[in-house]
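Peer 1: This structure is in structure tokens; I'll ask about it shortly.
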Amino acid sequence: MVEIINGKRLAEEVRMSVKGEVEAMAAKGRRRPKLSVILVGDDPASQTYVRNKERACKEVGMESEIIRLPADAKQKELLAQITRLNNDKNVDGVLVQLPIPKGLNEVEAVNAVLAEKDVDGLNPVNMGRLVKGEDPMFVSCTPQGIMEMIKTTGVEIKGKEAVVVGRSNIVGKPVAMLLLHQHATVTICHSRTKDLGEVTRRADILIAAVGSPGIIHGSMVKEGALVIDVGTNRVGEKLVGDVDYESAKNRAAFISPVPGGVGPMTIAMLLRNTLKAAQLHGK
Ligand code: NDP
């Protein structure tokens, strides 16, 4: 029988623990942690994500703000906002909601966020430290959430074959590094991988982060595997993952659902990172 990894419940536990720490800080008279999110343009999905982040902060007693820039904002304005937030002593976490409109330089914007406030873990200092195994200040939220989800299954990572499908900076690469540091044998697949199924069938731990509904069919899953589905794809009114859940659940020993899997954990880890940033700044 497959066991479903309940990201929603796990995220709730993390949120409660963060809330407890925030209230303890406030009780000592310390400033509440604050997250600032820069949203450029009016992409509907980004608007929803940003609203969810704001709501989540509020629920755990953190401060948050959304800085909205128009879709035709200039790179200079965007960088000026980042610099302002970097220098604002009342702001702990800064993130630029991605993607930003074409014509703006995403790499330059993301790199401009101070490493000490980089709650998305995308600054080269944090990513470099992650690659080197040097305990980054911040690891990107989705990979952290995935590792927490794996931990709750009790499955040992050491010595296992782990396959990550997708090589983005925000999910694929960092999660592959985290798995490697825990001594998995890691393979990363991408759009040029020749025979995806042949690779994924070797996976004891399979992470799908592609953005293509149902690309991982059950026939591509090893019997008894642990499957984490990062994909968030809107198909009509429904939200579906990258894993074809119905066929995969007959092969996997553990599987994370969409919705209710990685999504809630990502936000929970953002709260944890913002708390960590506030603790860092309070030192
Ligand atoms: P990206 O588009 O940045 O990366 C997708 C990756 O998938 C790329 O590396 C790409 O390869 C690879 N890919 C594309 N087609 C194939 C294919 N046919 N076979 C194998 N690999 C392929 O996406 P993200 O990493 O940002 O996101 C991935 C998914 O996860 C999306 O659905 C996104 O919405 C979701 N997501 C969910 C989050 C959550 O909180 N639940 C958080 C972040 C993302 P190549 O590099 O060669 O182009």
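Peer 1: Treating only the Cβ atoms of Lys and Arg (+1) and Asp and Glu (-1) as charged, compute the dipole magnitude of the stretch 142-187 about its Cα centre; round to the nearest 20 debye.
Peer 2: 100 debye
Peer 1: In whole percent, what relative contact order does the chain give with Cα contacts below 8 Å and a gap of six or more residues?
Peer 2: 21 percent
Peer 1: Calculate how steeply helix 44-59 sits against the longest principal axis of the alpha-carbon atoms of the chain, using the helix alpha-carbon long axis, and give the answer as 0 to 90 degrees to the nearest 10.
Peer 2: The answer is roughly 70 degrees.
Peer 1: Starting from the residue with the highest accessible area, list Lys173, Lys160, Lys8, Lys34 in decreasing order, probe 1.4 Å.
Peer 2: Largest to smallest exposure gives the sequence Lys8, Lys173, Lys160, Lys34.
Peer 1: With the dipole of the stretch 155-257 worked out from charges on the C-beta (+1 for Lys and Arg, -1 for Asp and Glu) around the Cα centre, which of Tyr245, Ile207, Leu180 lies farthest toward the positive end?
Peer 2: Positive-end residue among those listed: Leu180.
Peer 1: Where in the stretch 142-172 does the label zone of Asn233 land, with the point 7 angstrom along Cα→C-beta and an amide N cut-off under 18 Å?
Peer 2: Under 18 Å, as judged by backbone N against the label point of Asn233, lie 164-168, 171-172 of the stretch 142-172.
Peer 1: Quote the charge dipole size of the chain about the Cα centre in Debye, to the nearest 20; the model charges only the Cβ of Lys and Arg (+1) and of Asp and Glu (-1).
Peer 2: Magnitude of the dipole: close to 500 debye.
Peer 1: What whole-number value in Å² describes the accessible area per residue of the chain for a 1.4 Å probe?
Peer 2: Heavy-atom SASA per residue in the chain reads 48 Å².
Peer 1: Which whole-percent values make up P(r) of the chain when all C-alpha to C-alpha distances are grouped in 10 Å steps starting at zero?
Peer 2: Binned Cα distances yield the sequence 7, 28, 34, 23, 7, 0.
Peer 1: Computed over the Cα atoms of the stretch 11-73, what is the ratio Rg over Rh, Rh following Kirkwood?
Peer 2: Checking Rg against Rh, the ratio lands at 1.09.
Peer 1: Can you pull the percent of the chain's accessible area that's carbon plus sulfur, 1.4 Å probe, other chains left in place?
Peer 2: That share works out to 52 percent.
Peer 1: Ile66 label point, 7 Å along Cα→Cβ, cut-off 13 Å on backbone N: hits in the stretch 77-91?
Peer 2: none
Peer 1: Could you sort Ser168, Ser191 by accessible area so the largest value comes first, with the probe set to 1.4 Å?
Peer 2: Of Ser168, Ser191, the descending order of accessible area is Ser191, Ser168.
Peer 1: Hey, got the dipole for the stretch 187-249? About the Cα centre, +1 on K and R Cβ, -1 on D and E Cβ, debye to the nearest 20?
Peer 2: 160 debye
Peer 1: Report the gain in length on full extension from Gln279 to Thr193: 0.36 nm times residue separation, minus Cα-Cα distance, nm rounded to one decimal.
Peer 2: Extra length from Gln279 to Thr193 when fully extended: 26.8 nm.
Peer 1: Suppose the chain between Ala24 and Val125 were pulled fully straight at 0.36 nm per residue; how much longer would it get relative to their current alpha carbon spacing?
Peer 2: 33.3 nm
Peer 1: Could you pull out every residue, at least 5 positions away or on a different chain, whose amide H is within less than 5 Å of the one on Thr185? Hs are placed 1.01 Å off N in the peptide plane, and Pro or chain starts have none.
Peer 2: Close amide H contacts, sequence-distant or interchain: Gly159, Lys160, Glu161, Ala162.
Peer 1: Another question, then. In terms of modelled amide H atoms, which long-range or inter-chain residues lie less than 5 Å from the amide H of Arg68?
Peer 2: Under 5 Å from the amide H of Arg68: Leu39.
The values are calculated or read from the model by the stated rules, or taken from the named source; none is laboratory data. Every value quoted in this text rests on a predicted model; they were computed, and no experiment measured them. In this analysis, Cβ positions are derived from the backbone assuming ideal geometry, glycine residues included, and neighbour counts consider all displayed protein chains. Just the protein is used for accessible areas: all its heavy atoms, side chains included, with ligands, DNA and RNA removed. Shrake-Rupley method; radii C 1.70, N 1.55, O 1.52, S 1.80 Å.
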